[in-house]
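*Asks:* Below are the structure tokens for one structure; questions will follow.
The values are calculated or read from the model by the stated rules, or taken from the named source; none is laboratory data. These numbers come from a predicted model, not from an experiment. A quick note on method: Cβ atoms are made from the backbone with ideal geometry, for glycine too, and the neighbour counts reach across all protein chains shown.
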Amino acid sequence: MAARKILVIDDSRVIRNMVRDMLPPGNIEVLEAPDGIKGLEIIQNEHPWMILLDFLLPRMSGYEVYERLQQSRDLSCIPLLLMSGRKEEVTSKIPEPFEEKYFAFIEKPFEQKELLAGIKLSLELAKAKDRMLPVVSIASDVNVAAASVEVDAETLAKIAQLEEKLKSASALDDRLKALERNVATQTKQIGQLVAFIKQKFKG
């Protein structure tokens with residue numbers, strides 16, 4: 001199976017590398033673009049499986065890229081996850097709820113669990129949008145739909161596994177903190193007991 005191409009359009013190399021590290025392992029090829037013009041060029045040439053798009057970009061803004069995507073039936077069906085550290089900039093151009101526009105949004109800075117949740121939602125919204133659009137070619141739509149279901153199911157399963165690992169790690173961290181509190185309480189109680197015994201001996 002060909003690698004699923006995920007395009008990350010962000011002018012920050014740190015963010016692009018962070019997203020790459022946070023993505024679930026598997027048959028994924030990460031494409032990168034530092035600005036909107038380069039990102040749109042890659043979208044048109046590579047037709048990626050998913051797009052992670054920063055809203056504030058040099059040369060061509062994320063909003064302009066978003067508008068270009070909406071002008072194409074095929075490109076508008078690519079799962080889209082918008083990212084921004086200034087949500088008000090996004091809502092000034094695209095009013096909430098974002099789900100009605102069939103894309104997901106996460107606010108920077110974000111953690112892995114938030115990124116995975118955003119990816120999962122963007123996949124679900126893209127599938128919902130595809131069902132809403134009129135059928136152009138029955139044969140091609142059946143083939144595309146079958147491939148999408150297979151890819152989505154596998155990727156969603158990996159995302160679910162990662163989410164479970166994150167939950168387990170969080171639960172373990174909570175247990176360790178509780179244990180530390182218990183140890184601290186017992187240490188304090190032992191100290192008080194020792195002080196009481198010493199006081200008795202002095203008396």
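*Asks:* Restricting attention to the stretch 70-86, which residues are surrounded by 16 or more Cβ atoms within 10 Å (Cβ to Cβ) and touching a Phe, Trp or Tyr at 6+ places or on another chain (Cβ under 9 Å)?
*Replies:* SER76, CYS77, ILE78, PRO79, LEU80, LEU81, LEU82, MET83, SER84
*Asks:* How many residues does the stretch 1-29 hold that are within 17 Å of SER61 (Cβ to Cβ) and not in a strand (DSSP E or B)?
*Replies:* Of the residues in the stretch 1-29, the ones within 17 Å of SER61 (Cβ to Cβ) are 7-12, 15.
Checking the rest, the ones that are also not in a strand (DSSP E or B) come to 10-12, 15.
Matching residues across the stretch 1-29 total 4.
*Asks:* So, in the stretch 80-100, exactly how many residues are out of contact with any strand residue (DSSP E or B) (no Cβ under 7 Å at 6 or more places or on another chain) and assigned to a strand (DSSP E or B)?
*Replies:* Counting residues in the stretch 80-100 that are out of contact with any strand residue (DSSP E or B) (no Cβ under 7 Å at 6 or more places or on another chain) and assigned to a strand (DSSP E or B) gives 0.
*Asks:* Would the stretch 110-124 turn up any residue that is in a loop (DSSP other than H, G, I, E, B) and in contact with a helix residue (DSSP H, G or I) (Cβ under 7 Å, 6 or more places away or on another chain)?
*Replies:* no
*Asks:* Within the stretch 54-61, identify whether any single residue is under 16 Å from the mean Cα position of the chain (by Cα) and either buried (at least 19 other Cβ atoms within 10 Å of the Cβ) or over 17 Å from ILE119 (Cβ atoms) (or both), and answer yes or no. Walk me through how you get there before you give the answer.
*Replies:* If we filter the stretch 54-61 for residues that are under 16 Å from the mean Cα position of the chain (by Cα), which is where we start, we get 54-55.
Among the residues that remain, those that are also either buried (at least 19 other Cβ atoms within 10 Å of the Cβ) or over 17 Å from ILE119 (Cβ atoms) (or both) are: 54-55.
Yes: one or more hits.
*Asks:* How many residues does the stretch 36-60 contain that are touching a helix residue (DSSP H, G or I) at 6+ places or on another chain (Cβ under 6 Å) and farther than 23 Å from LEU23 by Cβ?
*Replies:* 2
*Asks:* Could you please find all residues in the stretch 75-113 being over 25 Å from PRO58 (Cα atoms) and among the charged types (D, E, K, R)?
*Replies:* GLU99, GLU100, LYS113
*Asks:* Further question: Looking for whichever is at pLDDT 80 or above and either among the charged types (D, E, K, R) or closer than 27 Å to SER84 by Cβ (or both) here; the options are LYS188, LYS165, LYS158. Which one fits?
*Replies:* LYS188
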